[in-house]
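Every number here is computed from the coordinates shown, using simple stated rules; none is lab data. For clarity, every value in this text was computed on a predicted model and none was experimentally measured. Here the Cβ positions follow ideal geometry from the backbone for every residue, glycine too, while neighbour counts run over all protein chains shown.
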Amino acid sequence: MKFSFSWLVALLAGLAVLVGYFVPILGWLQELVVQVAVLLASFALLAGIFNLLGVHWNRVDTGKPGSGYSILLVFSFIIPLITAGLDFWFSGRPMGYWTLWAFRYIQVPVEASLFALLAVTLSYAAARMLSRRLDIPGLVFFVTIFLVLLLTSPYISVFLTQFGLGGVRNLFTQVLAAGGTRGLLLGVALGTIATGIRILMGVDRPYG
Amino acid sequence: MADIISFLLGPIFLLVFVTLVGVFWFTGRKSTAREVRDLSPFIRLRRVVGLAVEAGTRLHVSLGWGGLIGVQGASALVGLSLLDRIARAASISDRPPVVTAGDGVLVTLSQNTLRSAYHAMDVDDQYDPQAGQLSGVSPFAYAAGAMTLMQAEQPSANALIGHFGSEVALLAEAGERNGGVVIAGSDNIAAQAVLYAAAHEPLIGEELYAGGVYLGAGAAHTASLKAQDALRWVLSVVLIVGALLKLMGMW
């Protein structure tokens, strides 16, 4: 393991946050480090936005495939600037009628249509999975999807409750699902701790 | 008394974890035997990286939109670790890998990872700051941006490793439509369920965190994986015994 100044900074920052969880009296230190991190993250976001613009400007400039989308992106970047400018001009605040108009009538419908597309994509993926992965785990997955959709649908749910079979629905949607989720979360939690330890030890250095 | 025990439990668990990693690292440093089971997503990833270098096709790594501040940061760090291995392996390629992320910090770190990987391989001129891109700042904007890149670059393999929501299905679908292999994992349970159906090679549960071992990141990765496995057994036994004691009314 090679010593470096960046590793030392990462180690001290990581330890400060970690110690804050176990020693409440040092909570202020944890808060301070997290605040600095949030501040740096906002600058990184700004840098990322310029990077995004640079990438798409470059694509338009070189006429790469998909440059039509890039023109749209650059144009979309300008719209909020204009709306915020208009709001600032009329109301003295950067967030007002025009910004909310752009958000409500451009961004929300676009994201909602992507969400609708997601429902179709997921149904298609579930059907395709049967041809791609026709094994026992795949079949269990498919049958579970089918049962949970069936048992949580409003009519079936009312029917089950009326005949005192609500427990069947709960067995699938709460007991079995919660058990499986806990098992997966346990693995994720242990993996998260292991990753954190490797970063603190300086084995993984994503900061270069 | 119970308060003191619950207060000390966290530090003790962490100490045991660190000790186990240290012990496995020390004992396994000189071992050359393969001590882990085969995980097909990583085996396939290693293969497609080699094929992409030979065929001169692009590789795409997507790090999600979770950022680093919060527990979801660990999955993005795993993605960065994999990016380092992929960038090193593909450093001789005519078309180096591209990275997309939905968070500014991850973009900066991905550029840093690419630069240090190329520097380590002595091919500094391969580095292009625009190879690490912010594709959008909200989950769907990120997905839409990454899908556009997939269409433009036609990558032969897509490694989606990080924090995603259910919108990851759109990315997996776009990857498949463009003829690329999709290897994907996330810390989010909803995304894991979606990926199980949508990705060619999904990574479920803790499999995501084992990538370094399969891509030759070193003995420390193997040691941390072994520590993970050992503690998972301990926790499983504790959970089962606790449930049985509760069932018998003894706790």
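For this structure, a couple of remarks:
- Shown in residue order for the range B:73-89 are the 3J(HN,Hα) couplings computed by the Karplus curve 6.51 cos²θ - 1.76 cosθ + 1.60 at θ = phi - 60°: x, 4, 5, 5, 5, 5, x, 5, 5, 5, 4, 4, 5, 5, 4, 5, 5 Hz (x for Gly and Pro).
- Applying the Karplus relation 6.51 cos²θ - 1.76 cosθ + 1.60 with θ = phi - 60° to the range B:13-27 yields 3J(HN,Hα) values of 4, 5, 5, 4, 4, 4, 4, 4, 4, x, 5, 5, 5, 5, 6 Hz, where x marks Gly and Pro.
- Within chain B, helix-based [θ] at 222 nm, where runs of 4 or more DSSP H residues each add -39,500 (n - 2.57), nearest 500: -19000 deg cm²/dmol
- Global geometry of the range B:34-217, whether rounded, prolate or oblate, following the gyration tensor of its Cα atoms and the 1.5 cut on a/c: rounded
- Centre-to-centre separation between the Cα atoms of the range A:49-74 and those of the range B:153-171: 21 Å.
- Distant-in-sequence amide H partners of B:A184 (H built 1.01 Å from N, under 5 Å): B:L160, B:E201, B:L203
- Residue range of chain A that is longest and free of chymotrypsin sites (Phe, Trp or Tyr not before Pro) which are both DSSP loop and sparsely packed (at most 13 other C-beta within 10 Å): A:4-162
- Once both labels are positioned 7 Å from their Cα atoms along Cα-to-Cβ, the gap between A:R132 and A:S113 label points is 2.6 nm.
- Leading residue at positive end of dipole, chain A (Cβ point charges), from A:V108, A:G63, A:Y97: A:G63
- In this calculation the C-beta distance from B:I92 to A:L29 is compared with R0 = 35 Å, giving a FRET efficiency of 0.20.
- Measuring between their Cα centroids, the range B:19-88 and the range B:117-135 lie 18 Å from each other.
- Rounded, prolate or oblate (a/c below 1.5 giving rounded, otherwise prolate when a/b exceeds b/c) for the range A:65-132 by Cα gyration tensor: oblate
- GNM top mover of B:S156, B:S75, B:S40 - chain B, alpha-carbon springs below 10 Å: B:S40
- Semi-axes of the equivalent ellipsoid for the range B:1-125, computed as √(5λ) from the eigenvalues of its C-alpha gyration tensor and ordered from largest down, come to 34, 21, 14 Å.
- Whether the range A:135-208 is rounded, prolate or oblate, judged on the alpha carbon gyration tensor where a/c under 1.5 counts as rounded: prolate
- Relative to the Cα centre, the charge distribution of the range A:41-165, modelled as +1 at Lys and Arg Cβ and -1 at Asp and Glu Cβ, gives a dipole magnitude of about 180 debye.
- Charge tally in the Cβ shell below 12 Å around A:L100, where Lys, Arg are +1 and Asp, Glu are -1, A:L100 excluded: +1
- Along each principal axis, Cα extent of the range A:16-146, largest first, Å: 60, 54, 35
- Alpha carbon convex hull of the range A:1-63, projected area averaged over orientations, nm²: 6.7 nm²
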